[in-house]
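Below is one structure; the comments refer to it alone.
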Protein chains: 2
Amino acid sequence: MLHDPAQLDLMFQALADPARRQMVDRLSRGPASVSQLAEPLAMSLSAVVQHLNLLEASGLVRTQKVGRVRTCQIEPKALRAAEHWINERRLSWERRLDRLGDFLVETKDET
Amino acid sequence: MLHDPAQLDLMFQALADPARRQMVDRLSRGPASVSQLAEPLAMSLSAVVQHLNLLEASGLVRTQKVGRVRTCQIEPKALRAAEHWINERRLSWERRLDRLGDFLVETKDET
DNA sequence: GCAATAGTTAAGTAAATGCTTCAGTGTTTG
DNA sequence: CAAACACTGAAGCATTTACTTAACTATTGC
């Protein structure tokens, strides 16, 4: 479910915005309400709610409402999925470089 | 230089687009020319060049022109920077959960 | 019950994004 | 040298994005 390309798309899209990354950063230090998330941001509460909805749709953040306050937390599984996508590509490249290096070493003294 | 927030911004922005991620994916399997990058994509070569320029500006891809062909490769250091950003936030959250778990275990038999 | 609090929703708008086409620029190849 | 090749750049356009304001709905505290 987390590796389906549509979800991955939403995640990277969500992480593309500085305000949303700041929200994720704040949440990485612990849960927060919508107003707490909004506090350091130079925009209306309404804008923050819209960002938060994107973050939730992407799976990066989970929220639950108790009374009138919505408490938000990070969903580490989603973060891990994005991390994993990048990591696989990087490793694929680096393994390729390693093989190339091996080949060069092997052929070095075959002149 | 890679951890400066502006560069990180460009990187996540670059990774947000599916076509650009597909290009990164292709490049993770080895270098490619602009036309080779364009081949699987359902858009004009010109559009691909525009995506490529973003990828290069973000630091994720490095290119060099020899004759009339521009050869592109992944810059693993940049990928690592994006990876690192996500990883730190996830770990920060998970460490917090661990401490919380420890606390609950420690307090359990103090009834 | 009536404020104040915490958030939600809708509508509008300016700017950014992701394309397209078209008219180039250098570079090889026959 | 001429034609094909591999891009490149500018202009234009439709859509999406990131906001804003304003009106509204639930809670909670006095």
Give A:66, A:61 a once-over and let me know the one that is within 16 Å of DNA strand D (Cβ to nearest atom) and closer than 21 Å to residue B:16 by Cβ. A:61
Among residues belonging to region A:14-49 that are of a type in the set (D, E, K, R) and within 11 Å of another protein chain (Cβ to nearest Cβ), point out the one that is farthest from DNA strand D (Cβ to nearest atom). A:29
Check B:81, B:38, B:16 and return the single one that is among the aliphatic types (A, V, I, L, M) and over 18 Å from residue A:21 (Cβ atoms). B:38
Cβ-Cβ distance below 6 Å, separation of 6 or more or different chains: which pairs start in region A:15-28 with a residue that is more than 13 Å from DNA strand C (Cβ to nearest atom) and of a type in the set (S, T, N, Q) and end on one that is assigned to a helix (DSSP H, G or I) and open to solvent by 40 Å² or more (accessible area, probe 1.4 Å)? A:28/B:89
Applying the selection to region B:78-100, what residues are within 9 Å of chain A (Cβ to nearest Cβ), among the basic types (Lys, Arg) and open to solvent by 30 Å² or more (accessible area, probe 1.4 Å)? B:80, B:89, B:96
Residues of region B:3-50 being closer than 28 Å to residue A:99 by Cα and of a type in the set (Asp, Glu), which ones? B:25, B:39
Reported set for region A:44-63 where residues are open to solvent by 70 Å² or more (accessible area, probe 1.4 Å) and either more than 10 Å from DNA strand C (Cβ to nearest atom) or of a type in the set (Val, Ile, Thr) (or both) is A:54, A:62
Test set (1) loosely packed, with under 14 Cβ neighbours inside 10 Å; (2) at pLDDT 95 or above; (3) away from DNA strand D (no atom under 15 Å from the Cβ) - residue B:6 fails condition number: (2)
When you go through (1) touching an Asp or Glu at 6+ places or on another chain (Cβ under 8 Å); (2) within 15 Å of DNA strand C (Cβ to nearest atom) one by one for residue B:69, which number turns out not to apply? (1)
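The values are calculated or read from the model by the stated rules, or taken from the named source; none is laboratory data. Worth saying up front: this structure is predicted, and the values here are computed from it rather than measured. In this analysis, Cβ positions are derived from the backbone assuming ideal geometry, glycine residues included, and neighbour counts consider all displayed protein chains. Heavy atoms of the whole protein, side chains included, go into the accessibility calculation; ligands, DNA and RNA do not. Shrake-Rupley method; radii C 1.70, N 1.55, O 1.52, S 1.80 Å.
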